[in-house]
Amino acid sequence: MVDKKDLRFALVGCGRIAKRHSELLGMRQIQGAVLAAVCDVVEEKARRVGKQFSVPHFTDMHEMMKSVEVDVVVVLTESGLHAQHVIALAPYGKSILVEKPMALTLADADDMIRACDRAGVRLFVVKQNRFNVPVQKLREALEQGRFGRLVLGTIRVRWCRTQEYYDQDPWRGTWALDGGVLSNQASHHIDLLEWMMGDVVSVFAHATTALVDIEAEDTAVVVLRFSSGALGVIEATTATRPRDLEGSISVLGENGTVEIGGFAVNKMAVWSFASPRPDDAQVMEKYSVNPPNVYGFGHQAYYEHVVDCIRNDKQQLVDGLEGRKSLELISAIYESVETGREVSLRFQPSRCRLGVRA
Ligand SMILES: NC(=O)c1ccc[n+]([C@@H]2O[C@H](COP(=O)([O-])OP(=O)(O)OC[C@H]3O[C@@H](n4cnc5c(N)ncnc54)[C@H](O)[C@@H]3O)[C@@H](O)[C@H]2O)c1
């Protein structure tokens with residue numbers, strides 16, 4: 001039964017990731033949230049999802065916003081289109097949730113933040129991996145100061161995306177609408193690395209397109225310096241064959257080491273501190289879930305967070321400014337790839353190709 005107080009969510013974009021969003025909302029897996037309507041410019045896609053969950057479907061988002069009562073509109077379109085859609089939706093005055101990456105250029109991210117501020121609407125950027133239980137546990141240990149001085153933070157994304165994956169939609173792997181493994185698949189892990197290790201002062205990167213025919217890179221390595229003095233390494237590839245291997249993060253400090261592995265940073269692999277605490281022994285057992293696919297379980301916890309923030313007027317964990325931070329880091333990495341130089345943050349992109357239309 002639909003509670004009057006339930007928040008009504010409407011989806012813009014009924015592609016691959018909309019399956020996850022529509023199932024969570026449409027099958028009432030999020031307390032306090034319902035699916036109200038869906039929209040896709042491809043009518044067949046909108047109709048299919050609308051029919052599955054018995055909600056109205058549209059091919060025009062403005063028509064949807066004008067004809068259905070909506071509390072939160074969820075933007076699930078191609079990455080390079082997020083900015084134009086968020087900016088067009090902001091004047092409706094409803095909260096907006098946008099999939100990662102929030103945009104592909106810093107100028108677009110700034111315009112989105114400004115449009116939402118001007119309209120007085122809240123912008124939520126999906127970073128569902130922040131809500132994975134082992135990730136939350138790692139963050140807790142950092143906030144408790146258990147690591148002491150941070151020494152090294154590393155991430156590995158070793159996933160498998162074949163030519164068939166890139167060929168299924170023309171936007172995939174293009175500079176204008178997607179970028180490569182750094183801006184798409186590894187954007188989650190890059191966000192986690194910065195969230196755990198703090199601000200980055202410089203990056204140096206190499207990238208290559210190893211096994212598929214796309215514009216952007218499928219493989220990249222990056223070295224980073226953090227403002228704390230710690231160092232970092234990013235290893236990101238969608239050229240792992242024949243199947244997904246891992247999405248992981250390691251944090252090493254003077255008093256301890258934590259590594260979270262699994263396909264989608266969901267499985268505690270190492271939890272080791274110089275001064276153990278009584279519940280340390282259970283951490284490995286309790287937080288060692290590996291999800292069935294690389295999207296992980298985080299979207300559910302993420303939606304619960306969104307409902308809690310709106311209902312109880314709490315600050316969201318990833319707003320526009322927080323979402324912009326990892327985009328700035330990714331842009332700096334691309335700038336380094338293009339220039340062959342170490343890039344300091346803050347910087348003005350000049351050679352970075354991400355989000356640039358031909
Ligand atoms: N959080 C995650 O783990 C995760 C996973 C996968 C994808 N994503 C992100 O989700 C976004 C979508 O990815 P996808 O794989 O679902 O792409 P997709 O191509 O399968 O779906 C995008 C859909 O948006 C529709 N669309 C485009 N313009 C529209 C408009 N004006 N109005 C309504 N619909 C419109 C397209 O027709 C298409 O059906 C990307 O930004 C991607 O990075 C996030």
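When a/c is below 1.5 the answer is rounded, else prolate if a/b is larger than b/c, else oblate, so apply that to the stretch 118-230 with a ≥ b ≥ c taken from the square roots of the Cα gyration tensor eigenvalues.
It is prolate, given that a/c is not under 1.5 and a/b is the larger ratio.
With angles folded into 0 to 90 degrees, how steeply does helix 16-26 sit against the dominant principal axis of the chain? Use alpha carbons for both and round to 10.
70 degrees
Just to confirm the number: angle between the C-alpha axis of helix 298-311 and the first principal axis of the chain, 0 to 90 degrees, nearest 10?
60 degrees
Identify the GluC sites (Glu not before Pro) of the stretch 47-92 meeting these criteria: DSSP loop state and at most 15 other C-beta atoms within 10 Å of the C-beta.
GLU69
Hey, what number do you get for the chain at 222 nm if only DSSP H runs of n ≥ 4 count, each worth -39500 (n - 2.57), divided across all residues, to the nearest 500?
That comes out to -10000 deg cm²/dmol.
What would the Debye equation give as log₁₀ I(q)/I(0) for the stretch 193-255 at q = 0.15, 0.20, 0.22, 0.26 Å⁻¹, counting only Cα atoms as equal point scatterers?
Log10 of I(q)/I(0), two decimals: -0.57, -0.87, -0.96, -1.12.
Translational diffusion coefficient of the chain at 25 °C, 0.890 mPa s, Stokes-Einstein with Kirkwood Rh over Cα pairs, in µm²/s as a whole number.
Result for D is 117 µm²/s.
From the square roots a ≥ b ≥ c of the eigenvalues of the alpha-carbon gyration tensor of the stretch 144-292, which class results: rounded (a/c under 1.5), prolate (a/b over b/c), or oblate?
oblate
Place a point 7 Å from Cα of VAL151 in the direction of its Cβ. Which residues in the stretch 221-243 have their backbone N less than 12 Å from it?
Zone members listed by number: 231.
Quantify, in whole percent, the carbon and sulfur part of the accessible surface of the chain (1.4 Å probe; protein heavy atoms only).
C and S atoms contribute 50 percent here.
Relative to the longest principal Cα axis of the chain, at what angle does helix 43-52 sit, 0 to 90 degrees, rounded to 10?
Computed tilt is about 90 degrees.
Quick one: accessible area per residue over the chain, 1.4 Å probe, rounded to a whole number of Å²?
44 Å²
The values are calculated or read from the model by the stated rules, or taken from the named source; none is laboratory data. Please read all numbers here as calculations on a predicted model, not as lab measurements. Glycine gets a Cβ as well: all are built from the backbone with ideal geometry, and neighbour counts include every protein chain shown. To get the accessible areas, we keep the full protein, side chains included, count just its heavy atoms, and leave off ligands, DNA and RNA. Shrake-Rupley method; radii C 1.70, N 1.55, O 1.52, S 1.80 Å.
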